[in-house]
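The next block holds one structure in the form of structure tokens; read it before the comments.
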Amino acid sequence: MNDERLMNIILSPRVSEKTARKADMENQHVFSVAKDAKKLEVKKAVEKMFDVKVDRVRIMNVNGKLKRFQRQFGKTKDWKKAYVRLKEGFDINYGEGEANS
């Protein structure tokens, strides 16, 4: 697995109240990942990008929702998300700190 492939696996972190609660209570972080990503690829990508140790990865396919645009119906894209549990003592900081004045 080359570095370029690993850098294209993680698309973005999913930030919401639920994911923030999971990160605080269970040391579990949620990411949007590439549609063809496998568990081992996600594990290696997170370990490389954030310099942490991963305990477990769970992957879920999310179906797009039906949306209405005036009189027409459309559908949002399907996507994949990964729940990544970190080992004890490791944490990911998404830059939540205060800006330097």
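The values are calculated or read from the model by the stated rules, or taken from the named source; none is laboratory data. Bear in mind the structure is a predicted one, so any value in this text is a computation, not a measurement. For neighbour counting, all protein chains shown are included, and Cβ atoms are generated from backbone atoms with ideal geometry for every residue, glycine included.
General observations
- Selection of the range 35-44 for residues being over 10 Å from the mean Cα position of the chain (by Cα) and within 11 Å of Leu11 (Cα to Cα) yields Lys35, Ala37.
- Residue, nearest to Glu4 (Cα to Cα), within the range 45-66, restricted to residues that are over 14 Å from the mean Cα position of the chain (by Cα) and surrounded by fewer than 12 Cβ atoms within 10 Å (Cβ to Cβ): Asp51
- Residue in the range 29-38 that is of a type in the set (Asp, Glu) and modelled with pLDDT under 95 present: no
Condition check ((1) touching a Lys or Arg at 6+ places or on another chain (Cβ under 9 Å); (2) touching a residue at least 60 places away in the same chain (Cβ under 8 Å)) across all residues:
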{"residue": "Ala23", "(1), (2)": "no, yes"}
{"residue": "Glu26", "(1), (2)": "yes, no"}
{"residue": "Lys38", "(1), (2)": "no, no"}
{"residue": "Met49", "(1), (2)": "no, no"}
{"residue": "Val62", "(1), (2)": "yes, no"}
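- Evaluation of Val84 against (1) touching a His at 6+ places or on another chain (Cβ under 8 Å); (2) hydrophobic (A, V, I, L, M, F, W, C); (3) not in a strand (DSSP E or B) (one fails), failing number: (3)
- Within the range 1-15, the set of residues being in contact (Cβ under 8 Å) with a residue 12 or more places away in the chain and either on the phi > 0 side of the Ramachandran plot or not in a helix (DSSP H, G or I) (or both) comprises Met1, Asn8, Ile9, Ile10, Leu11, Ser12, Pro13, Arg14, Val15.
- Check on Lys44, of a type outside the set (Val, Ile, Thr) and without any contact (Cβ under 8 Å) to a residue 40 or more places away in the chain: no
- Phe31 touching a Lys or Arg at 6+ places or on another chain (Cβ under 9 Å), aromatic (Phe, Trp, Tyr) and under 19 Å from Tyr94 (Cα atoms): yes
- If the condition is being in contact (Cβ under 8 Å) with a residue 12 or more places away in the chain, farther than 19 Å from Ile9 by Cβ and of a type outside the set (Val, Ile, Thr), then the range 73-89 contributes Lys87, Glu88.
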